[in-house]
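Taking it in order: structure first as structure tokens, then the write-up.
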Amino acid sequence: MADLEFTLNGQQQTLSVDDGTPLLWVLRDHLAMTGTKFGCGMGLCGACTVHLDGSPIRSCSYPAEFVNGKAITTIEGLASSDENLHPVQQAWLEMNVPQCGYCQSGQIMSAVALLANNSAPNDAEIDAAMAGNICRCGTYPRIRKAIHRASELAVVQHYQPANTVKENV
Amino acid sequence: MTISRRSFIKGGAIFGGGLAIGFNLSGCAQTEYPHFSATDLQPNAYIQVSPSGQVILQLYKSEMGQGVYTGMATMAAEELNMDPSLIIVQHAEFYPDFRDPEFYVMITGGSSSIKYGYTILREAAATVAAMLKTAAAQYLSIAESALNLKDGKVVYAGGEVDFATLLPIARGLATPTEVTLKSPQDFQYIGRHRQRLDALGKVTGKSEFGIDVQYPGAMTAVLLRCPHFGGKVSSFDASNALKMSGVKSVFEVDGAVAVLAETYWQARQAAGVVSVVWDKGPLAGVSSESLRVERHGMLTSEAGKNVEEKGEASAATGELFEAVYDVPYLAHATMEPMNAVAVATKEGIEIWTGNQSPDIALSEIADATGFKREQIRIHNHMLGGGFGRRIMPDYLVEAARIAQLSGKPVRLVWSREDDMRGDFYRPNATVAMSAMIDQSAVTSLQAKIVAPSILGGFVQFVTNTLLPQWLPKGLHKKIGGMASGSDPAAAEGIAHSDYEFPYMRTDYVEQKTTIPLGYWRSVGHSQNGFFIESFIDELAHQTTQDPVAFRLAHMAKDSRRRQVLELAAAKANWGNPPQGQFQGVAVHESFSTVVAQVVNVSIADGKIKVHKVVCAVECGMVINSDIVVAQMEGGIVFALTAALKGEITIEDGAVQQSNFHDYEVLRINETPEIEVYRVDSANAPTGVGEPGVPPLAPALANAVFAATGQRLRKLPLRLA
């Protein structure tokens, strides 16, 4: 058994799971946090994307024991309430991005990580950062638009004059 | 505009003859509704008002991304004069009124939800609205003409009264036999509302898909199925698996081996160490290549069945021009793998899942478990993609049987590999397209289609108990006819097109040997659109005519396709692509909706690069214009995957692909710019879930021809 101790969306978690259990199944089966989705089990589709200390990881292929002492953020941890959404979620709503919606938790987590490192990505940078997330409904054109929009919203929310020059918006 | 509700419900006259089955409210007491509430106003199965005044819509079609959640709420909201976001939407359980007028069962498919729901839901909502208004008139002692509904209240010059207050009176009223529907020019939400009502749950992770359902104490089950279609377990050894952490039991279920454990990971790990000897079954030795070779032989060896013949054969003069096309099997590959939670007791079975046809599933579970349909309940949820895959009841039946045999609540979860290898696939097909060309005039257009029948496969592989049990008599008969070699889906999109040539003929030869087949987004059109619109392009080039002009010259004068093609060509600047890019075009009608697409490509390093797709659509009146655009975008991306990458291959009766590394799907970095334009129409709305798919592959292949001179007649497209 592996003893786990990490923070999940800011809350301390302590539990034991079988050795080698991927983080995804700790979230879904042990903690009933079902916003993070199972898609392929091989890190190929991105539906299970969460943040490990702010960086995106594919939780379906990430042994849970490696998160000890780290901070995990999932889709449930992005916003304090439906009335106070993260700019990426807000942009997703404005652009009517989701169709079936199953992949969107992972898409949004990847987009949040992208914008944290690059506040105004161009289309090529968006494509590079989002290529690991599959959407069978074909929401890709809207994901591009929504990331540009989120970039605008984030600038408004965290106004920093030096960072307001954007490319390709 | 006044419609007699009774004549609509009983006669189904507006849909043409023989469609009354779906609309039989009479004889069904409200108490039979699975969602019956003794305290609600509930004059029909679709819409009810709770004592607190909330309007609740039963979503009797499955939301799988295509937007029925929003579209149906919008149509209901229109007659209630309330913002669609104020309506509570519930996933409906099976009820006879929810059966589809076209398919006779409760099913989501055929791009039919909005087409029929447009009348059904407005009438249902108008009935509720009329009762609330009458109740308000009594309550306030004001003439009904002085009252209006607004956002969940009845308003009048002197004030307003909420639905909750009116409910006791409204519940005592007789259901009106006639209702007045709004005229389209008075619509406030239909055609104007642009938000997706299901989006908030989907961007916050709160939407509940079947795989997310929590049932106290449920064990996770995984199933080891025979990799060879039609095969079954001969023997197995689970001794190692039973020693593993969390594992509760390993047992045989209907030819497969179930592994039950506390969590998915434990069950999956244990399944990996169960050794199974398989009986490969009837398809051992069969490969997709052997089937393709067989089809090519059948082009000449079999006469087939004539599907359509127009004009005189003697009118086909000149020289023969022929081309043979091929398409492979395709998987649906929904993002959410198949899954279901099942609980079995002595009294019956309860299922929580996401499915496109709970009606079919009820009968299948009944056949498999011995319970009566009435003892089985299926609770539907958001579907993490459907595309036709979730019409099939197989995964519900598996969960029900595992629950029944184990006596435990179970959550059955398929792996991606299970999903890729246990699908019901888009048929592979071979078609010989031919034409006679007489001094640059095309005098005939003929097609000989060799393909397995989806329904034939359905009958052969899903179950031998399915047909006699679950279908109403009418459909049983219809399906029997289809399965005997005249499946209309095999020829749809080629036969009965509105192209005009002096002689036209379509024949269909059924290939009997097949793996399990299913309904894949746009069904027969998905391949037949490619065949006919590629060949039409070939004929344009053979006769040195512009592909758009050639199509227009050979279309019926009143063809709905004409305007759509012209719009797409104009918006795409047809004939003048950017430097280094080449264009291809196609226009196709499917499911009563017309879509034209112009694709711009270039070739670099021997690879096809798709720069842009310009799409025009005519789908009648629009309920939510942004969802129409989204469905075109999604259909294009789905079709690009099929055109550029999609191929399921078979060896020894088993699928060779397993996950997204060997069954690749389009990713964002490969997605072209997409523009969607709509031809305005005042006609009744038609569906948009599927029709965006068929024109893409031919438009793309035609563009590749323009770029390279290579006529690619096989999908996925591979340059020589």
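Among the residues of the stretch A:96-131, the ones that are at the interface with chain B (Cβ under 8 Å from one of its Cβ atoms) and not aromatic (F, W, Y) come to 15 in all.
Selection of the stretch B:168-212 for residues being more than 22 Å from A:T49 (Cβ to Cβ), within 14 Å of chain A (Cβ to nearest Cβ) and not charged (D, E, K, R) yields B:H193, B:Q195, B:L197.
Screening B:A284 on (1) more than 14 Å from chain A (Cβ to nearest Cβ); (2) buried (at least 19 other Cβ atoms within 10 Å of the Cβ); (3) not acidic (D, E) shows it passes everything except condition (2). Checked against (1) surrounded by 24 or more Cβ atoms within 10 Å (Cβ to Cβ); (2) of a type in the set (F, W, Y); (3) away from chain A (no Cβ under 12 Å), B:F705 passes all but condition (1). Of all residues in the stretch B:250-271, those that are more than 13 Å from B:L223 (Cβ to Cβ) and either away from chain A (no Cβ under 11 Å) or assigned to a helix (DSSP H, G or I) (or both) total 3. Quick one: what pairs do we get from the stretch B:558-585, first residue over 19 Å from B:F705 (Cβ atoms), second crowded, with 16+ Cβ neighbours inside 10 Å and among the aromatic types (F, W, Y), C-beta under 7 Å, 6+ apart or different chains? Listed pairs, sorted by first residue: B:L567/B:Y677; B:K571/B:Y677.
Picking from residues in the stretch B:65-108 that are at positive phi and either without any contact (Cβ under 8 Å) to a residue 60 or more places away in the chain or under 19 Å from the mean Cα position of the chain (by Cα) (or both), the one that is surrounded by the most Cβ atoms within 10 Å (Cβ to Cβ) is B:G65. Take the residues in the stretch B:339-366 that are surrounded by 19 or more Cβ atoms within 10 Å (Cβ to Cβ) and of a type in the set (D, E, K, R); name whichever of them is nearest to the chain's Cα centre (by Cα). Among residues in the stretch B:339-366 that are surrounded by 19 or more Cβ atoms within 10 Å (Cβ to Cβ) and of a type in the set (D, E, K, R), the one nearest to the chain's Cα centre (by Cα) is B:D359. Scanning the stretch B:33-74 for residues that are part of a helix (DSSP H, G or I) and in contact with a Gly (Cβ under 6 Å, 6 or more places away or on another chain) turns up just one, B:M72. Kindly establish whether B:R377 is surrounded by fewer than 23 Cβ atoms within 10 Å (Cβ to Cβ), under 28 Å from the mean Cα position of the chain (by Cα) and over 30 Å from B:A540 (Cα atoms). When the stated conditions are applied, B:R377 passes them.
Quick one: which helices (runs of 4 or more DSSP H) lie wholly within the stretch B:325-431 and hold at least 1 residues that are at pLDDT 95 or above and not β-branched (V, I, T)?
Correct list: B:394-406, B:416-421.
Here the strands (runs of 3 or more DSSP E) wholly within the stretch B:135-231 that include at least 3 residues being surrounded by 20 or more Cβ atoms within 10 Å (Cβ to Cβ) and hydrophobic (A, V, I, L, M, F, W, C) are B:219-224.
The values are calculated or read from the model by the stated rules, or taken from the named source; none is laboratory data. Nothing here was measured: the structure is a model prediction, and the numbers come from that model. Every residue, glycine as well, gets a Cβ built from its backbone with ideal geometry; the counts of neighbours run over all protein chains shown.
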